[in-house]
Amino acid sequence: MIEIDLSGRVALITGGTRGIGLGIALKLGEAGARCVLTHRWGSADPDELAGLFEDRGAPRPLIEMADVSRSEDTEALMARIKEDHDGVDILIHNVAFAARPKELKEYRKRSLIRSLEYSAWPLVDYVEAARGSFGRPPGHVVAISSDGADRSYPGYDFVAASKSVLEVLARYLGGHLAGESVVNVVRFGMVPTESFEAMFGEEFWEFLAAQGIEAADLLSPEECGNAVLALCSGLMDAMQSEVITVDKAMAFEDNLMRRYERWRQCR
């Protein structure tokens, strides 16, 4: 790849201390960006994370606990960033909340609203908070989605709904911010992260092996980071308000997750 230099730029990654968010943050950090990582409930070890960045020659990240659904946390986060920086140049919204109903009777309006509060609305809230704090929105805004907006995954009902809303908001946001920000959505296929393991467990890996699919056939957090780095490089700024899918041909499988459900029932 062409060497990308993000030195001097500030990248804010929500949910940036684990999984896909961390994979993105490390790639942006390698390119020289000063990363601000948010997390919740003490789920991050600052020294361990700093070591990961140091090993890659990346600037030490600023790690802040902030609930993306709480405006007061967002305001406090921007105030903290302002102590060291004069703006947010890159915003990656990566947080999602997953309430997993197994059947219709488990549908709850509050679960949908909560999913929207975490997965969709913070994209707008953070852009506006950055504009209010620094007088300008981030130059690059990337919303992290999944192909669950178009495909059927067991228990993914509310996440899929909120990701669909996220994608619509991102597209319109790109129109409103034309000339100020480049806004895009990236849909990632299956990525084996801690959240992925917690949701599907070892049994799902047995199923994948039975289909001849290995972990290497799925996306890695680092590969997700490469895709986002390319979008934030300035080389693809002609793409505005686009929804871009990044996968390893898994979408060509015949609804893998539903096949998994049938596989479990037949065991």
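Summary table below
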quantity: Options PRO154, PRO138; residue that is at pLDDT below 95, outside any helix (DSSP H, G or I) and in contact with a helix residue (DSSP H, G or I) (Cβ under 8 Å, 6 or more places away or on another chain); calculated: PRO154
quantity: Single residue of the stretch 122-155 satisfying the filter (open to solvent by 30 Å² or more (accessible area, probe 1.4 Å) and touching a residue at least 60 places away in the same chain (Cβ under 8 Å)) that is farthest from LEU219 (Cα to Cα); calculated: SER152
quantity: The stretch 211-240 residues that are open to solvent by 60 Å² or more (accessible area, probe 1.4 Å), paired with ones that are among the polar types (S, T, N, Q) (beta carbon under 7 Å, 6 or more apart); calculated: MET239/ASN184
quantity: Residue in the stretch 7-26 that is of a type in the set (D, E, K, R), free of Cβ contacts under 8 Å to residues at least 60 places away in the same chain and either open to solvent by 70 Å² or more (accessible area, probe 1.4 Å) or at negative phi (or both) present; calculated: no
quantity: The stretch 164-197: number of residues that are open to solvent by less than 10 Å² (accessible area, probe 1.4 Å) and closer than 13 Å to HIS93 by Cα; calculated: 6
quantity: Criterion: over 21 Å from VAL141 (Cα atoms) and either outside any helix (DSSP H, G or I) or open to solvent by 30 Å² or more (accessible area, probe 1.4 Å) (or both) - qualifying residue of GLU64, GLU83, GLU75; calculated: GLU83
quantity: Residue check for GLU203: among the acidic types (Asp, Glu), within 26 Å of LEU116 (Cα to Cα) and not in a loop (DSSP other than H, G, I, E, B); calculated: no
quantity: Qualifying residue in the stretch 38-45 (condition: over 15 Å from TYR118 (Cβ atoms) and of a type outside the set (D, E, K, R)); calculated: yes
quantity: Cβ pairs under 7 Å, 6+ apart, first in the stretch 101-118 and more than 17 Å from SER164 (Cα to Cα), second open to solvent by 60 Å² or more (accessible area, probe 1.4 Å) and of a type in the set (Phe, Trp, Tyr); calculated: PRO101/TYR107
quantity: Filter result for the condition that a residue is part of a loop (DSSP other than H, G, I, E, B), within 24 Å of CYS232 (Cα to Cα) and modelled with pLDDT of 95 or more, over GLY57, GLY23, GLY15, GLY29; calculated: GLY57
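The values are calculated or read from the model by the stated rules, or taken from the named source; none is laboratory data. None of these values were measured; they are calculated from a predicted model. So basically every Cβ, Gly included, is an ideal-geometry build from the backbone, and we count neighbours across all protein chains shown. Ligands, DNA and RNA are excluded from the accessible area calculation, which covers all protein heavy atoms including side chains. Shrake-Rupley method; radii C 1.70, N 1.55, O 1.52, S 1.80 Å.
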